[in-house]
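The values are calculated or read from the model by the stated rules, or taken from the named source; none is laboratory data. This one's a predicted model, so the numbers in the text were calculated from it and none came from an experiment. As a convention, Cβ positions derive from the backbone with ideal geometry for all residues, glycine included, and neighbour counts pool all protein chains shown. What goes into the accessible areas is simple: the full protein's heavy atoms, side chains included, and nothing from ligands, DNA or RNA. Shrake-Rupley method; radii C 1.70, N 1.55, O 1.52, S 1.80 Å.
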Amino acid sequence: FLLIGCSSLPKEKTETENVTEKIKAEALLGYEYSQMTENTYKPHDTFILPADITNPINVDSDGYGFAYSIFHRTKNGELSEVILSFRGTENNSEWYKDWILGNVFSLQNDIGLNEYRKLREATPPNIPITVIGHSLGGAIALHVSLREDEVTAYVFNTSSRFTRGKAIDNER
């Protein structure tokens, strides 16, 4: 047998200075976002969040099975980030709404995009909005981050159900 493989060397030097601290910071941030996605499901207080994160809004399932929460992160007492968390498929008697309207017909994607746009309009432009979600909620967060400028997305165990289109280059 003759085995052939391809490899390439990076064109840029990899930054190794303070890499351990950067990994720790990203892990902590991801952990906080994952707790927020869990708190988007009922009950909304499964995890006690750090003191600099509050949860002022929980919108439970509408007629389409769509639900979300909004979190605020503060720094030195000032709003520094808004987090829009989309709920995934809920394990209750109306799970089929999430499955059919969210996954099959993708209706929740557009509802989530509209909620993001309303929130963006109501939020000062210097405050970033991060979208997060678990499962179907992760697919909605990806949908938003693919269509809006300067939207960072963190998703967990995401559904692969989101529609294609022109993608915007955001941090995901």
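Ligands, DNA and RNA are left out, and with a 1.4 angstrom probe the accessible area of region 23-67 is 57 Å² per residue. The local environment of Ser61, defined by Cβ-Cβ distances under 15 Å, has a net charge of -3 under the rule Lys, Arg +1 and Asp, Glu -1.
Over 28 Å apart at the Cα level, from the set Lys75/Lys118; Lys42/Lys97; Lys24/Lys97; Lys75/Lys97; Lys24/Lys75, are Lys24/Lys97; Lys75/Lys97. For Thr89, the amide hydrogen comes within under 5 Å of the amide hydrogens of Leu136, Gly137, counting only partners 5 or more places away or on other chains and with H modelled in the peptide plane. Using the Karplus relation 6.51 cos²θ - 1.76 cosθ + 1.60 with θ = phi - 60°, the per-residue 3J(HN,Hα) values for region 113-130 come to 5, 5, 5, 4, 4, 5, 5, 4, 5, 8, 9, x, x, 7, 9, x, 10, 9 Hz, with x marking Gly and Pro.
Mind giving me the FRET efficiency for Asn91 and Asp52? R0 is 30 Å, r the Cβ-Cβ distance, nearest 0.05 is fine. Mind dumping the intermediate values first?
Numbers: r = 30 Å, r/R0 = 1.02.
FRET efficiency, Asn91 to Asp52: 0.50.
Above 25 Å, the calculated P(r) of region 46-152 contains 21 percent of its Cα-Cα pairs.
To the nearest 0.05, how large is the calculated FRET efficiency for Ser106 and Asp60 if R₀ is 25 Å and r is the Cβ-Cβ distance?
So, using R0 = 25 Å, E works out to roughly 0.75.
For Ile127 and Ile23, FRET efficiency with R0 = 30 Å and r from the beta-carbon atoms, rounded to 0.05? Walk me through the numbers before you get to the answer.
Numbers: r = 26 Å, r/R0 = 0.88.
Step by step, r from the Cβ atoms, then E = 0.70.
Our coupling estimate for region 25-31, obtained by passing each phi through the Karplus curve with A = 6.51, B = -1.76, C = 1.60 and θ = phi - 60°, is 5, 5, 5, 5, 4, x, 5 Hz, Gly and Pro reported as x.
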